[in-house]
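The values are calculated or read from the model by the stated rules, or taken from the named source; none is laboratory data. Remember, it's a predicted structure, so these values are computed and weren't measured experimentally. Heads up, the Cβs are rebuilt from the backbone with ideal geometry, glycines too, and the neighbour counts pull from every protein chain shown.
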Amino acid sequence: MSQQPTLTERLVSLWDHLGLNAAHVATQMPGDVADLARLHPERISGLLLCVPSRLDPTPFVTVAARTVMLSGQRGMTAEVTARAEPRLPGSRRIILPDYDAPGWADVVTDRTDAIIAALRGLRGDATVPDLATGTGQHAGITYQVHGEGPALLLLPFFLAPSQWESAIPGLARDFTVIVLGGRHLGGVAALEDRARGPSYLGMITTLFDEIAPAAGETILDVGCGSGALDRMLARRFGGANPITATDVNPFLLREAAVLAAEDNVADQITFRLGDAERLPFPDASFDHAFTVTVLEECDADLALRELLRVVRPGGRVGVIVRAIDMPQWWHLDLPEPVRRKVNIPPQSCGPRGVADASLYPRMRAAGFEALTCFPALVSFDRPDGPIWRYREDHVLSRLTDAETSVWHTATNAARAAGLLFMANPLHRVVGRKPAG
(Lines give C-alpha, C1' and ligand atoms only; values in the text may rest on other atoms or scores of the structure.)
Protein backbone atom coordinates (compact mmCIF):
# COMPACT_ATOMS: atom_id res chain seq x y z
CA MET A 1 0.00 0.00 0.00
CA SER A 2 1.42 3.38 -0.98
CA GLN A 3 2.07 5.79 1.87
CA GLN A 4 -0.37 8.69 2.11
CA PRO A 5 1.10 12.20 1.95
CA THR A 6 1.44 14.05 5.23
CA LEU A 7 -0.71 17.09 5.90
CA THR A 8 2.32 19.33 5.41
CA GLU A 9 2.99 17.75 2.01
CA ARG A 10 -0.64 18.36 1.09
CA LEU A 11 -0.41 22.02 2.15
CA VAL A 12 2.83 22.61 0.25
CA SER A 13 1.28 21.02 -2.83
CA LEU A 14 -1.77 23.26 -2.44
CA TRP A 15 0.44 26.36 -2.11
CA ASP A 16 2.19 25.36 -5.35
CA HIS A 17 -1.10 24.59 -7.08
CA LEU A 18 -2.46 28.04 -6.21
CA GLY A 19 0.77 29.78 -7.20
CA LEU A 20 1.61 30.94 -3.69
CA ASN A 21 5.23 31.47 -2.77
CA ALA A 22 4.08 32.70 0.63
CA ALA A 23 0.70 33.34 2.22
CA HIS A 24 -0.85 34.64 5.40
CA VAL A 25 -2.37 31.82 7.44
CA ALA A 26 -5.00 31.77 10.19
CA THR A 27 -5.99 28.75 12.26
CA GLN A 28 -7.42 27.80 15.63
CA MET A 29 -5.57 24.47 15.60
CA PRO A 30 -1.81 25.12 15.58
CA GLY A 31 -1.06 21.45 14.97
CA ASP A 32 -2.43 21.78 11.44
CA VAL A 33 0.40 24.12 10.42
CA ALA A 34 3.09 23.32 13.00
CA ASP A 35 5.20 21.22 10.62
CA LEU A 36 4.68 23.71 7.81
CA ALA A 37 6.07 26.43 10.07
CA ARG A 38 8.94 24.23 11.19
CA LEU A 39 9.93 22.81 7.80
CA HIS A 40 8.87 25.58 5.41
CA PRO A 41 8.76 28.85 7.36
CA GLU A 42 9.27 30.83 4.16
CA ARG A 43 5.82 29.75 2.94
CA ILE A 44 4.11 31.56 5.86
CA SER A 45 4.27 35.32 5.52
CA GLY A 46 2.09 36.02 8.54
CA LEU A 47 0.35 33.74 11.04
CA LEU A 48 -2.72 34.26 13.23
CA LEU A 49 -3.29 31.64 15.91
CA CYS A 50 -6.94 32.40 16.57
CA VAL A 51 -8.04 31.44 20.12
CA PRO A 52 -6.01 28.21 20.31
CA SER A 53 -6.90 26.08 23.33
CA ARG A 54 -3.81 23.90 22.73
CA LEU A 55 -0.45 25.25 21.64
CA ASP A 56 3.05 23.83 21.53
CA PRO A 57 5.09 26.98 20.73
CA THR A 58 8.29 25.17 19.70
CA PRO A 59 7.52 24.66 15.98
CA PHE A 60 6.62 28.33 15.59
CA VAL A 61 9.88 29.86 16.82
CA THR A 62 11.09 30.47 13.25
CA VAL A 63 7.94 32.46 12.39
CA ALA A 64 7.49 34.07 15.82
CA ALA A 65 8.25 37.59 14.63
CA ARG A 66 5.33 37.44 12.21
CA THR A 67 2.94 35.54 14.50
CA VAL A 68 -0.10 36.97 16.28
CA MET A 69 -1.88 35.04 19.03
CA LEU A 70 -5.50 36.00 19.67
CA SER A 71 -7.03 34.87 22.94
CA GLY A 72 -9.91 35.41 25.29
CA GLN A 73 -9.34 37.38 28.46
CA ARG A 74 -9.93 34.23 30.51
CA GLY A 75 -10.11 30.49 30.03
CA MET A 76 -7.82 28.02 28.28
CA THR A 77 -6.93 30.28 25.35
CA ALA A 78 -5.74 33.00 27.74
CA GLU A 79 -3.63 30.49 29.65
CA VAL A 80 -1.94 28.78 26.70
CA THR A 81 -1.12 31.98 24.81
CA ALA A 82 0.22 33.66 27.96
CA ARG A 83 2.54 30.70 28.51
CA ALA A 84 3.59 30.66 24.84
CA GLU A 85 4.32 34.37 24.46
CA PRO A 86 7.74 34.41 26.19
CA ARG A 87 8.78 31.35 24.18
CA LEU A 88 7.94 33.10 20.88
CA PRO A 89 10.16 36.21 20.85
CA GLY A 90 8.75 38.98 18.68
CA SER A 91 5.24 37.53 18.57
CA ARG A 92 2.23 39.64 19.50
CA ARG A 93 -0.64 38.66 21.76
CA ILE A 94 -4.05 40.29 21.37
CA ILE A 95 -6.61 39.77 24.11
CA LEU A 96 -10.34 39.93 23.45
CA PRO A 97 -11.72 41.86 26.44
CA ASP A 98 -14.30 40.18 28.65
CA TYR A 99 -14.32 37.03 26.53
CA ASP A 100 -13.77 33.34 27.07
CA ALA A 101 -13.24 31.12 24.03
CA PRO A 102 -13.77 27.43 24.73
CA GLY A 103 -13.07 25.04 21.88
CA TRP A 104 -16.65 25.29 20.63
CA ALA A 105 -16.95 29.11 20.75
CA ASP A 106 -18.21 30.86 17.62
CA VAL A 107 -15.51 33.45 18.03
CA VAL A 108 -15.51 34.99 14.54
CA THR A 109 -19.22 35.74 14.81
CA ASP A 110 -18.81 36.98 18.38
CA ARG A 111 -15.82 39.27 17.67
CA THR A 112 -15.80 39.81 13.90
CA ASP A 113 -14.25 43.28 13.84
CA ALA A 114 -11.43 42.38 16.22
CA ILE A 115 -10.48 39.33 14.17
CA ILE A 116 -10.54 41.25 10.89
CA ALA A 117 -8.30 43.89 12.49
CA ALA A 118 -5.87 41.22 13.73
CA LEU A 119 -5.63 39.69 10.26
CA ARG A 120 -5.11 43.07 8.62
CA GLY A 121 -2.23 43.61 11.01
CA LEU A 122 -0.27 40.51 9.98
CA ARG A 123 3.35 41.21 9.07
CA GLY A 124 5.15 39.87 6.03
CA ASP A 125 4.67 40.00 2.27
CA ALA A 126 2.23 37.47 0.87
CA THR A 127 1.87 36.48 -2.76
CA VAL A 128 -0.86 38.30 -4.67
CA PRO A 129 -2.31 35.44 -6.74
CA ASP A 130 -4.38 35.62 -9.89
CA LEU A 131 -7.28 33.43 -8.78
CA ALA A 132 -10.90 33.62 -9.84
CA THR A 133 -13.67 33.51 -7.25
CA GLY A 134 -14.93 29.94 -6.91
CA THR A 135 -14.23 26.54 -5.43
CA GLY A 136 -11.74 23.78 -6.05
CA GLN A 137 -9.94 20.81 -4.59
CA HIS A 138 -6.30 19.78 -4.57
CA ALA A 139 -4.30 17.21 -2.63
CA GLY A 140 -7.43 16.19 -0.73
CA ILE A 141 -8.07 19.75 0.50
CA THR A 142 -11.07 21.75 -0.64
CA TYR A 143 -10.85 25.51 -1.09
CA GLN A 144 -13.10 28.51 -1.74
CA VAL A 145 -11.66 31.73 -3.18
CA HIS A 146 -13.04 35.20 -2.37
CA GLY A 147 -11.74 38.69 -3.18
CA GLU A 148 -8.42 40.05 -4.42
CA GLY A 149 -5.12 40.97 -2.83
CA PRO A 150 -2.42 39.19 -0.82
CA ALA A 151 -3.21 35.54 -0.16
CA LEU A 152 -4.86 34.71 3.17
CA LEU A 153 -5.59 31.06 3.90
CA LEU A 154 -8.21 30.34 6.56
CA LEU A 155 -8.03 26.85 8.05
CA PRO A 156 -11.05 25.29 9.78
CA PHE A 157 -11.87 25.80 13.43
CA PHE A 158 -12.46 22.71 15.54
CA LEU A 159 -16.13 23.20 16.44
CA ALA A 160 -17.11 26.83 15.73
CA PRO A 161 -20.58 26.63 14.10
CA SER A 162 -20.15 29.40 11.53
CA GLN A 163 -16.37 29.07 11.12
CA TRP A 164 -14.97 32.20 9.32
CA GLU A 165 -18.19 33.15 7.52
CA SER A 166 -18.94 36.49 9.18
CA ALA A 167 -15.43 37.82 8.51
CA ILE A 168 -15.07 36.78 4.86
CA PRO A 169 -16.87 39.79 3.27
CA GLY A 170 -14.70 42.25 5.18
CA LEU A 171 -11.49 40.33 4.57
CA ALA A 172 -12.21 39.91 0.85
CA ARG A 173 -11.83 43.68 0.43
CA ASP A 174 -8.14 43.39 1.39
CA PHE A 175 -7.10 39.83 0.64
CA THR A 176 -7.53 36.93 -1.70
CA VAL A 177 -9.28 34.87 0.94
CA ILE A 178 -8.88 31.11 0.48
CA VAL A 179 -11.04 29.08 2.88
CA LEU A 180 -9.84 25.51 3.32
CA GLY A 181 -11.75 22.36 4.28
CA GLY A 182 -11.93 18.60 3.87
CA ARG A 183 -11.15 15.48 5.87
CA HIS A 184 -7.48 16.33 6.50
CA LEU A 185 -7.90 19.60 8.41
CA GLY A 186 -9.35 21.02 11.60
CA GLY A 187 -11.97 19.36 13.73
CA VAL A 188 -13.00 16.97 10.95
CA ALA A 189 -9.51 15.46 10.83
CA ALA A 190 -9.35 15.15 14.61
CA LEU A 191 -12.81 13.56 14.92
CA GLU A 192 -12.10 11.14 12.08
CA ASP A 193 -8.75 10.18 13.58
CA ARG A 194 -10.31 9.67 17.02
CA ALA A 195 -12.94 7.34 15.58
CA ARG A 196 -10.28 5.14 13.93
CA GLY A 197 -8.81 4.16 17.29
CA PRO A 198 -9.56 0.47 18.07
CA SER A 199 -10.35 1.14 21.73
CA TYR A 200 -12.54 4.11 20.80
CA LEU A 201 -14.51 1.97 18.39
CA GLY A 202 -14.66 -0.71 21.07
CA MET A 203 -16.16 1.80 23.49
CA ILE A 204 -18.90 2.69 20.99
CA THR A 205 -19.49 -0.98 20.18
CA THR A 206 -19.99 -1.75 23.87
CA LEU A 207 -22.35 1.20 24.21
CA PHE A 208 -24.52 -0.18 21.40
CA ASP A 209 -24.34 -3.71 22.74
CA GLU A 210 -26.10 -2.22 25.77
CA ILE A 211 -28.54 -0.07 23.75
CA ALA A 212 -29.23 -3.19 21.64
CA PRO A 213 -31.47 -1.80 18.88
CA ALA A 214 -33.64 -4.36 17.13
CA ALA A 215 -33.81 -4.47 13.35
CA GLY A 216 -35.90 -1.60 12.03
CA GLU A 217 -35.60 0.55 15.14
CA THR A 218 -34.52 4.14 14.58
CA ILE A 219 -31.45 5.80 16.12
CA LEU A 220 -30.76 9.49 16.82
CA ASP A 221 -27.21 10.85 17.17
CA VAL A 222 -27.09 14.23 18.94
CA GLY A 223 -23.90 16.12 18.07
CA CYS A 224 -22.64 13.97 15.21
CA GLY A 225 -19.60 16.08 14.28
CA SER A 226 -17.99 14.59 11.18
CA GLY A 227 -20.43 11.66 11.21
CA ALA A 228 -17.66 9.12 11.78
CA LEU A 229 -19.65 7.14 14.35
CA ASP A 230 -22.81 7.21 12.25
CA ARG A 231 -20.95 5.77 9.30
CA MET A 232 -19.52 3.06 11.54
CA LEU A 233 -23.01 2.22 12.83
CA ALA A 234 -24.44 2.21 9.31
CA ARG A 235 -21.87 -0.41 8.36
CA ARG A 236 -22.50 -2.38 11.56
CA PHE A 237 -26.27 -2.48 11.12
CA GLY A 238 -26.19 -2.87 7.35
CA GLY A 239 -29.02 -0.42 6.79
CA ALA A 240 -31.39 -2.20 9.18
CA ASN A 241 -31.55 0.79 11.53
CA PRO A 242 -32.21 4.23 10.02
CA ILE A 243 -29.92 6.84 11.60
CA THR A 244 -30.68 10.54 12.02
CA ALA A 245 -27.58 12.58 12.84
CA THR A 246 -27.90 16.11 14.19
CA ASP A 247 -25.40 18.82 14.96
CA VAL A 248 -25.57 22.52 15.75
CA ASN A 249 -22.64 23.09 13.39
CA PRO A 250 -23.64 23.47 9.71
CA PHE A 251 -20.01 23.27 8.57
CA LEU A 252 -19.54 19.87 10.20
CA LEU A 253 -22.88 18.66 8.83
CA ARG A 254 -21.80 19.55 5.29
CA GLU A 255 -18.50 17.75 5.73
CA ALA A 256 -20.27 14.76 7.31
CA ALA A 257 -22.63 14.43 4.36
CA VAL A 258 -19.70 14.42 1.93
CA LEU A 259 -17.90 11.72 3.91
CA ALA A 260 -21.06 9.59 4.13
CA ALA A 261 -21.42 9.78 0.36
CA GLU A 262 -17.77 8.83 -0.13
CA ASP A 263 -18.32 5.80 2.14
CA ASN A 264 -21.50 4.79 0.26
CA VAL A 265 -23.73 5.01 3.35
CA ALA A 266 -25.48 8.33 2.59
CA ASP A 267 -28.80 6.53 2.04
CA GLN A 268 -28.68 5.18 5.61
CA ILE A 269 -28.06 8.48 7.44
CA THR A 270 -30.21 11.62 7.51
CA PHE A 271 -28.28 14.72 8.58
CA ARG A 272 -30.25 17.46 10.33
CA LEU A 273 -29.32 20.79 11.87
CA GLY A 274 -30.25 20.56 15.53
CA ASP A 275 -29.41 21.97 18.96
CA ALA A 276 -29.03 19.47 21.82
CA GLU A 277 -30.97 21.83 24.10
CA ARG A 278 -33.90 22.18 21.64
CA LEU A 279 -34.08 19.10 19.44
CA PRO A 280 -36.21 19.71 16.31
CA PHE A 281 -38.33 16.56 16.70
CA PRO A 282 -41.72 15.72 18.23
CA ASP A 283 -42.00 13.63 21.36
CA ALA A 284 -41.16 9.92 21.00
CA SER A 285 -39.74 10.33 17.48
CA PHE A 286 -36.99 7.71 17.83
CA ASP A 287 -36.55 4.28 19.31
CA HIS A 288 -33.09 5.02 20.74
CA ALA A 289 -30.57 7.88 20.92
CA PHE A 290 -26.96 8.53 21.82
CA THR A 291 -24.56 11.43 22.23
CA VAL A 292 -20.76 11.45 22.50
CA THR A 293 -18.70 14.28 24.05
CA VAL A 294 -21.40 16.89 23.52
CA LEU A 295 -22.94 17.44 26.95
CA GLU A 296 -19.76 19.17 28.14
CA GLU A 297 -20.56 22.06 25.81
CA CYS A 298 -24.23 22.84 26.53
CA ASP A 299 -26.79 22.83 29.32
CA ALA A 300 -26.39 19.13 30.13
CA ASP A 301 -29.54 18.79 32.24
CA LEU A 302 -31.68 20.38 29.56
CA ALA A 303 -30.08 18.19 26.87
CA LEU A 304 -30.74 15.05 28.91
CA ARG A 305 -34.40 16.00 29.26
CA GLU A 306 -34.57 16.55 25.50
CA LEU A 307 -33.07 13.12 24.86
CA LEU A 308 -35.66 11.60 27.16
CA ARG A 309 -38.44 13.48 25.38
CA VAL A 310 -37.61 12.42 21.82
CA VAL A 311 -37.26 8.67 22.46
CA ARG A 312 -40.25 6.38 22.78
CA PRO A 313 -41.24 4.85 26.15
CA GLY A 314 -38.91 1.94 26.76
CA GLY A 315 -36.26 3.38 24.43
CA ARG A 316 -32.65 3.56 25.51
CA VAL A 317 -30.23 6.49 25.47
CA GLY A 318 -26.44 6.23 25.62
CA VAL A 319 -24.30 9.16 26.80
CA ILE A 320 -20.53 9.55 26.79
CA VAL A 321 -18.71 12.58 28.19
CA ARG A 322 -15.09 13.45 28.92
CA ALA A 323 -13.92 12.67 32.46
CA ILE A 324 -11.99 15.69 33.67
CA ASP A 325 -12.31 14.34 37.23
CA MET A 326 -10.06 11.35 36.37
CA PRO A 327 -6.38 11.37 35.33
CA GLN A 328 -5.31 10.73 31.78
CA TRP A 329 -2.29 8.47 31.41
CA TRP A 330 0.77 8.58 29.15
CA HIS A 331 2.86 5.42 28.79
CA LEU A 332 6.13 7.30 29.29
CA ASP A 333 9.06 7.18 31.68
CA LEU A 334 8.72 10.65 33.21
CA PRO A 335 9.93 12.29 36.42
CA GLU A 336 7.12 12.56 38.95
CA PRO A 337 6.84 16.41 38.78
CA VAL A 338 6.31 16.21 35.01
CA ARG A 339 3.94 13.26 35.33
CA ARG A 340 1.77 15.21 37.77
CA LYS A 341 1.41 17.96 35.17
CA VAL A 342 0.68 15.81 32.14
CA ASN A 343 -1.78 13.48 33.83
CA ILE A 344 -4.27 16.32 34.30
CA PRO A 345 -6.70 16.20 31.34
CA PRO A 346 -7.76 19.42 29.62
CA GLN A 347 -10.35 21.02 31.91
CA SER A 348 -12.72 21.63 29.02
CA CYS A 349 -16.31 21.98 30.18
CA GLY A 350 -18.91 24.72 29.87
CA PRO A 351 -20.56 26.33 32.90
CA ARG A 352 -23.68 24.13 32.55
CA GLY A 353 -21.97 21.15 31.00
CA VAL A 354 -21.03 17.82 32.50
CA ALA A 355 -17.60 16.19 32.31
CA ASP A 356 -17.44 14.23 35.55
CA ALA A 357 -19.19 11.52 37.53
CA SER A 358 -22.18 13.77 38.17
CA LEU A 359 -23.37 12.44 34.78
CA TYR A 360 -24.83 9.40 36.52
CA PRO A 361 -27.11 11.14 39.06
CA ARG A 362 -28.03 13.68 36.37
CA MET A 363 -29.30 10.83 34.19
CA ARG A 364 -31.41 9.60 37.09
CA ALA A 365 -32.70 13.12 37.82
CA ALA A 366 -33.66 13.58 34.15
CA GLY A 367 -36.00 10.59 34.45
CA PHE A 368 -34.02 7.64 33.08
CA GLU A 369 -34.19 4.26 34.76
CA ALA A 370 -32.24 0.97 34.68
CA LEU A 371 -28.93 2.79 34.36
CA THR A 372 -25.81 0.94 33.23
CA CYS A 373 -22.83 3.07 34.30
CA PHE A 374 -19.42 2.14 32.94
CA PRO A 375 -16.50 4.59 32.82
CA ALA A 376 -13.95 3.82 30.13
CA LEU A 377 -10.36 4.41 29.08
CA VAL A 378 -9.65 4.83 25.38
CA SER A 379 -6.11 4.72 24.07
CA PHE A 380 -4.44 6.61 21.23
CA ASP A 381 -1.21 5.35 19.72
CA ARG A 382 -0.73 7.23 16.45
CA PRO A 383 1.60 10.11 17.40
CA ASP A 384 1.59 11.43 13.83
CA GLY A 385 -2.21 11.75 13.81
CA PRO A 386 -4.22 14.90 14.54
CA ILE A 387 -5.96 13.68 17.70
CA TRP A 388 -2.63 12.75 19.30
CA ARG A 389 -1.19 16.11 18.35
CA TYR A 390 -4.23 17.90 19.72
CA ARG A 391 -3.83 16.17 23.07
CA GLU A 392 -0.03 16.45 23.15
CA ASP A 393 -0.18 20.17 22.33
CA HIS A 394 -2.18 20.65 25.53
CA VAL A 395 0.59 18.92 27.49
CA LEU A 396 3.38 20.86 25.82
CA SER A 397 1.62 24.16 26.45
CA ARG A 398 2.00 23.45 30.21
CA LEU A 399 5.67 22.44 30.27
CA THR A 400 8.80 24.53 30.67
CA ASP A 401 11.58 24.32 28.07
CA ALA A 402 13.51 21.88 30.28
CA GLU A 403 10.42 19.75 30.87
CA THR A 404 9.65 19.79 27.14
CA SER A 405 13.11 18.34 26.48
CA VAL A 406 12.41 15.58 29.04
CA TRP A 407 9.06 14.91 27.36
CA HIS A 408 10.57 14.53 23.89
CA THR A 409 13.31 12.22 25.19
CA ALA A 410 10.67 10.01 26.79
CA THR A 411 8.35 9.97 23.76
CA ASN A 412 11.26 9.17 21.41
CA ALA A 413 12.29 6.26 23.61
CA ALA A 414 8.74 4.91 23.78
CA ARG A 415 8.33 5.31 20.02
CA ALA A 416 11.58 3.43 19.38
CA ALA A 417 10.33 0.61 21.61
CA GLY A 418 6.95 0.52 19.83
CA LEU A 419 5.19 1.38 23.10
CA LEU A 420 4.10 4.97 22.65
CA PHE A 421 0.46 5.41 23.63
CA MET A 422 -1.80 7.29 26.02
CA ALA A 423 -5.14 6.58 27.66
CA ASN A 424 -7.97 9.05 28.01
CA PRO A 425 -10.83 8.63 30.54
CA LEU A 426 -14.53 9.04 29.77
CA HIS A 427 -17.81 8.50 31.61
CA ARG A 428 -20.47 6.32 29.92
CA VAL A 429 -24.02 5.51 30.81
CA VAL A 430 -27.04 3.90 29.14
CA GLY A 431 -30.49 4.57 30.55
CA ARG A 432 -34.05 3.60 29.63
CA LYS A 433 -37.07 5.84 29.31
CA PRO A 434 -39.84 4.51 31.57
CA ALA A 435 -42.46 2.54 29.68
CA GLY A 436 -45.47 4.17 31.23
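The numbered conditions (1) farther than 20 Å from ASP393 by Cβ; (2) at pLDDT below 95; (3) in contact with a strand residue (DSSP E or B) (Cβ under 6 Å, 6 or more places away or on another chain); (4) of a type outside the set (Gly, Ala, Ser) are all true for ASP100 except (1).
Here is a yes/no grid of residues against (1) in contact with a helix residue (DSSP H, G or I) (Cβ under 7 Å, 6 or more places away or on another chain); (2) more than 18 Å from TYR143 (Cα to Cα); (3) surrounded by 19 or more Cβ atoms within 10 Å (Cβ to Cβ); (4) assigned by TED's automatic domain parsing to the domain that holds THR176:
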{"site": "TRP15", "(1), (2), (3), (4)": "yes, no, yes, yes"}
{"site": "ALA26", "(1), (2), (3), (4)": "yes, no, yes, yes"}
{"site": "PRO30", "(1), (2), (3), (4)": "yes, yes, yes, yes"}
{"site": "ARG38", "(1), (2), (3), (4)": "yes, yes, no, yes"}
{"site": "ILE44", "(1), (2), (3), (4)": "yes, no, yes, yes"}
{"site": "PRO57", "(1), (2), (3), (4)": "yes, yes, yes, yes"}
{"site": "MET69", "(1), (2), (3), (4)": "yes, yes, yes, yes"}
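Among the residues of segment 344-360, those identified as modelled with pLDDT of 95 or more and of a type outside the set (S, T, N, Q) are ARG352, GLY353, VAL354, ALA355, ASP356, ALA357, LEU359, TYR360.
Might you check whether a residue that is farther than 17 Å from VAL292 by Cα and in contact with a strand residue (DSSP E or B) (Cβ under 6 Å, 6 or more places away or on another chain) occurs anywhere in segment 406-422? So far as segment 406-422 goes, yes, one or more of its residues are farther than 17 Å from VAL292 by Cα and in contact with a strand residue (DSSP E or B) (Cβ under 6 Å, 6 or more places away or on another chain).
So the check is Cβ under 7 Å with 6+ separation or different chains; which pairs have a first residue in segment 283-298 that's assigned by TED's automatic domain parsing to the domain that holds ALA212 and part of a loop (DSSP other than H, G, I, E, B) and a second one that's of a type in the set (Lys, Arg) and crowded, with 20+ Cβ neighbours inside 10 Å? Close Cβ pairs satisfying both conditions: THR293/ARG322; GLU296/ARG322.
Only one of the numbered conditions (1) at pLDDT 95 or above; (2) more than 16 Å from the chain's Cα centre (by Cα); (3) under 28 Å from LEU420 (Cβ atoms); (4) not in a loop (DSSP other than H, G, I, E, B) is not met by LYS341, and that is (1).
The residues listed here are GLY431, GLY436; of these, the one that is over 26 Å from the mean Cα position of the chain (by Cα) and either of a type in the set (S, T, N, Q) or crowded, with 19+ Cβ neighbours inside 10 Å (or both) is GLY431. Checking each residue of segment 360-380 against the condition of being within 25 Å of the chain's Cα centre (by Cα) and either among the charged types (D, E, K, R) or not assigned by TED's automatic domain parsing to the domain that holds ARG428 (or both) gives no match.
Does TYR390 count as touching a strand residue (DSSP E or B) at 6+ places or on another chain (Cβ under 6 Å), touching a residue at least 40 places away in the same chain (Cβ under 8 Å) and surrounded by 14 or more Cβ atoms within 10 Å (Cβ to Cβ)? Let's see the steps before the verdict.
Values: touching a strand residue (DSSP E or B) at 6+ places or on another chain (Cβ under 6 Å): no; touching a residue at least 40 places away in the same chain (Cβ under 8 Å): yes; surrounded by 14 or more Cβ atoms within 10 Å (Cβ to Cβ): yes.
The answer is no for TYR390.
Across segment 1-40, the qualifying residues are those that are closer than 30 Å to ASP100 by Cα and free of Cβ contacts under 8 Å to residues at least 40 places away in the same chain, and the one among them that is farthest from the chain's Cα centre (by Cα) is ARG38. In the set (1) free of Cβ contacts under 8 Å to residues at least 40 places away in the same chain; (2) farther than 16 Å from VAL108 by Cβ; (3) more than 16 Å from the chain's Cα centre (by Cα), the condition left unmet by ALA195 is number (3). Among the residues here, GLU217 qualifies as of a type outside the set (A, V, I, L, M), over 26 Å from THR135 (Cα atoms) and not in a helix (DSSP H, G or I).
Assessment of segment 243-255 against the conditions (in contact with a helix residue (DSSP H, G or I) (Cβ under 9 Å, 6 or more places away or on another chain), farther than 25 Å from ILE141 by Cβ, assigned to a helix (DSSP H, G or I) and not assigned by TED's automatic domain parsing to the domain that holds ARG54) yields no matching residue. Remark: ASP56 matches the filter, which requires a residue to be in contact (Cβ under 8 Å) with a residue 40 or more places away in the chain, touching a Lys or Arg at 6+ places or on another chain (Cβ under 9 Å) and acidic (Asp, Glu). Of the residues making up segment 7-32, those that are in a helix (DSSP H, G or I) and among the small types (Gly, Ala, Ser) are SER13, GLY31. Taking segment 124-154 as the range and being touching a residue at least 40 places away in the same chain (Cβ under 8 Å), more than 28 Å from the chain's Cα centre (by Cα) and surrounded by fewer than 20 Cβ atoms within 10 Å (Cβ to Cβ) as the test, the residues that pass are GLY124, ASP125, THR127, VAL128, PRO129, ASP130, LEU131. Scanning segment 201-217 finds no residues that are polar (S, T, N, Q) and either outside the structural domain of ARG382 (by TED's automatic domain parsing) or over 18 Å from VAL292 (Cα atoms) (or both). Of everything in segment 179-197 that is of a type in the set (A, V, I, L, M, F, W, C) and either out of contact with any strand residue (DSSP E or B) (no Cβ under 7 Å at 6 or more places or on another chain) or buried (at least 23 other Cβ atoms within 10 Å of the Cβ) (or both), the residue that is farthest from CYS298 (Cα to Cα) is LEU185.
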